[in-house]
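Working notes, structure below.
The values are calculated or read from the model by the stated rules, or taken from the named source; none is laboratory data. Everything numeric in this text was worked out from a predicted model, so none of it was measured. Positions of Cβ are generated from backbone atoms using ideal geometry, with glycine treated the same way; all protein chains shown enter the neighbour counts.
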Ligand code: 5AD
Ligand code: SF4
């Protein structure tokens, strides 16, 4: 084999076409990105290859993700790197030579899940000691976690974290997408909002936006690869582009994305109410591709609590925003996140939240019990609410959320809508599952050949959070 390729001389656009088996890894690594990443992939590939030859079988990597859509996207990049490094991917830890967990730490139960899974991995590693275990993601940014792992989870082989205080973004990494027809795209990283309960700004660093041309190029490539639905990802997409050298608004970015041929549906996540502009509402209204779904986290409906949360909007401002959006786009679905049990919260505050749920008429809401995150301002607040007080308030809110969502869902029963078929139904193989523009799911008779197609489906029966129905045409109208 001729190890003649020196990555220092390869242009970034060419990296994806380089035969990594021919890269010279005996020289020093490039000191610039992404060439440096490809160098290490090539190096790892040679090690994996010799292991493969020694064992006479392929090496398997199990790449599991916890947490949000952004983590899911990061894990697709990890999968891309693992494949380049010579691994075959597997969903099962049992068959893996290398296990990597991409962790979440937004609430403590996410951490507990990882510790639980590590216990299981420990017993597995006793049976196959060669298995390597790696951890990455938000949880690994916390010093207390690292200490605990060092002390009590010594069987973990590798922990890697995000560059501290970085303002850099590495473009052009390989990606192994989970779905052929849809994809997430990071448009920004980090968060500058410092909501007082939230650990994200500490673990994900400062807000930084990708250059629009990089985003558009990535989407064009995805479209050429058969992707028809994209989701633009960021902790607060409404402040996208403000800090770029040539500032651009999120609404302007959406206008440009809209022009890309082949993309039929555009989604985005997450919007902060304080930054949602009239321009964005206008673009959504005019667009034929942006899905009629907006995730608009409320967190609380009480002005007093919102202020303590450092959310920088009031109940009235939020409700006015919802009214404006519903007026501009009457069939839009609005979903939200709500926290119950924030320090100092009383039943009166929760009633304010319930009032917003009724008035905003959410199509769905994710309700969370407040989780104390070390290092955040809220963790130091004195009036933490005990679990036995939070629970009944949470249950009361949940009931209203569910009733409201059911009422909303019922409004569409009997309508014909376009659905993107995502997969075979897990319970019933004669059905497929499609996602509507408003993010609701519909199950209807179909087969594997429908996956990835836009189809018109009659929503015959509403079952609260999903529909059952039947296809009425082969494929939805061209947009
Ligand atoms: N406790 C409970 N929920 C939280 N979230 C963020 N931090 C916390 C916390 N400390 C919720 C918010 C956010 C969602 C992703 O997670 O509702 O919108
Ligand atoms: Fe956390 Fe607030 Fe940033 Fe969302 S906007 S990631 S809740 S700090």
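What are the residues in the stretch 239-268 that are away from ligand 2 (no atom under 16 Å from the Cβ), assigned to a loop (DSSP other than H, G, I, E, B) and either touching a residue at least 12 places away in the same chain (Cβ under 8 Å) or buried (at least 19 other Cβ atoms within 10 Å of the Cβ) (or both), if any? Listed by number, the residues that qualify are 241, 244, 248, 249, 260, 261, 262, 263, 264. Among the residues in the stretch 207-227, are any within 16 Å of ligand 2 (Cβ to nearest atom) and more than 24 Å from residue 291 (Cβ to Cβ)? Yes: the stretch 207-227 contains one or more residues that are within 16 Å of ligand 2 (Cβ to nearest atom) and more than 24 Å from residue 291 (Cβ to Cβ). Looking only at the stretch 181-191, residues that are assigned to a loop (DSSP other than H, G, I, E, B), farther than 17 Å from residue 299 by Cβ and within 16 Å of ligand 2 (Cβ to nearest atom) come to 2 in all. Each residue in the stretch 271-289 was checked for being outside any loop (DSSP other than H, G, I, E, B) and either over 18 Å from residue 187 (Cβ atoms) or within 14 Å of ligand 1 (Cβ to nearest atom) (or both), and 7 of them qualify.
The residue of the stretch 420-446 that is nearest to residue 406 (Cα to Cα), among those that are assigned to a loop (DSSP other than H, G, I, E, B) and modelled with pLDDT of 95 or more, is 440. The set of residues in the stretch 80-97 that are buried (at least 22 other Cβ atoms within 10 Å of the Cβ) and touching a strand residue (DSSP E or B) at 6+ places or on another chain (Cβ under 6 Å) comprises 82, 87, 96. Within the stretch 403-419, none of the residues are within 16 Å of ligand 2 (Cβ to nearest atom) and in contact with a strand residue (DSSP E or B) (Cβ under 9 Å, 6 or more places away or on another chain). Residues in the stretch 172-204 that are closer than 30 Å to residue 453 by Cα and either at pLDDT 90 or above or exposed (fewer than 15 other Cβ atoms within 10 Å of the Cβ) (or both): 178, 179, 180, 181, 182, 183, 184, 185, 186, 187, 188.
None of 184, 205 is in contact (Cβ under 8 Å) with a residue 40 or more places away in the chain and within 16 Å of ligand 1 (Cβ to nearest atom) except 184. From 156, 114, which residue is part of a helix (DSSP H, G or I) and modelled with pLDDT of 95 or more? The unique qualifying residue is 114. Of all residues in the stretch 300-348 being free of Cβ contacts under 8 Å to residues at least 24 places away in the same chain and touching a strand residue (DSSP E or B) at 6+ places or on another chain (Cβ under 8 Å), which is surrounded by the most Cβ atoms within 10 Å (Cβ to Cβ)? Among those that are free of Cβ contacts under 8 Å to residues at least 24 places away in the same chain and touching a strand residue (DSSP E or B) at 6+ places or on another chain (Cβ under 8 Å), it is 306. The one condition from (1) within 29 Å of residue 419 (Cβ to Cβ); (2) in contact (Cβ under 8 Å) with a residue 40 or more places away in the chain; (3) within 16 Å of ligand 2 (Cβ to nearest atom); (4) touching a strand residue (DSSP E or B) at 6+ places or on another chain (Cβ under 7 Å) that residue 271 does not meet is (2).
Among the residues of the stretch 194-210, at least one is in a strand (DSSP E or B) and within 21 Å of residue 271 (Cβ to Cβ).
For residue 469, the conditions (1) under 27 Å from the mean Cα position of the chain (by Cα); (2) outside any helix (DSSP H, G or I) all hold with the exception of (1). Once the stretch 290-299 is narrowed to residues that are in a loop (DSSP other than H, G, I, E, B) and within 16 Å of ligand 2 (Cβ to nearest atom), the residue that is farthest from residue 237 (Cα to Cα) is 298.
Listed conditions (1) free of Cβ contacts under 8 Å to residues at least 24 places away in the same chain; (2) more than 20 Å from residue 243 (Cα to Cα) are all met by residue 213, apart from (2). Scanning the stretch 103-127 for residues that are in contact (Cβ under 8 Å) with a residue 12 or more places away in the chain and within 16 Å of ligand 1 (Cβ to nearest atom) turns up 103, 104, 105, 106, 107, 108, 109, 110, 111, 113.
Apart from one condition, residue 233 fits all of (1) more than 16 Å from ligand 1 (Cβ to nearest atom); (2) under 21 Å from residue 311 (Cα atoms); (3) at pLDDT 95 or above; the exception is (1). Applying the set (1) in contact (Cβ under 8 Å) with a residue 60 or more places away in the chain; (2) farther than 30 Å from residue 314 by Cβ to residue 231 leaves exactly one unmet item: (2).
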